[in-house]
1. Which of (1) surrounded by fewer than 10 Cβ atoms within 10 Å (Cβ to Cβ); (2) at pLDDT 85 or above does L11 not meet, given it meets every other one?
Amino acid sequence: MLADAGGHVALDVQFKIRSTWDTIMSELQTLEKNIERLSPDDLKKFRAWFAEFDARVWDAQIEADSKAGKLDALVAETLAEHATGKSREL
């Protein structure tokens, strides 16, 4: 059980969450420092890699959201607006 009847989270669970968060933040701070130390050429390469990586993650999220139906209302609204002449073909 994560919480007691009053909704209080057990201390051991709080500690584990805090410890995990601290580890993540420590890793992030290390990464930030390493990026700051990159040479201009390596920073350029990192930016290019990260832009490609970020685009892949974005595409995967959009695809997952689409398959889950999370974009259906937006698509329907867009098609309805197009049908009424509120947009034009490109």
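The values are calculated or read from the model by the stated rules, or taken from the named source; none is laboratory data. The structure displayed is predicted, hence computed values, not measured ones. No Cβ is skipped: glycine too gets one built from the backbone with ideal geometry, and neighbour counts run over all protein chains shown.
1. Exception for L11: condition (2).
Rundown of residues vs (1) surrounded by 10 or more Cβ atoms within 10 Å (Cβ to Cβ); (2) outside any helix (DSSP H, G or I); (3) modelled with pLDDT of 95 or more, yes/no style:
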| site | (1), (2), (3) |
| --- | --- |
| E27 | yes, no, no |
| L38 | yes, yes, yes |
| L43 | yes, no, yes |
| F46 | yes, no, yes |
| Q61 | yes, no, yes |
| K70 | yes, yes, yes |
| E89 | no, yes, no |
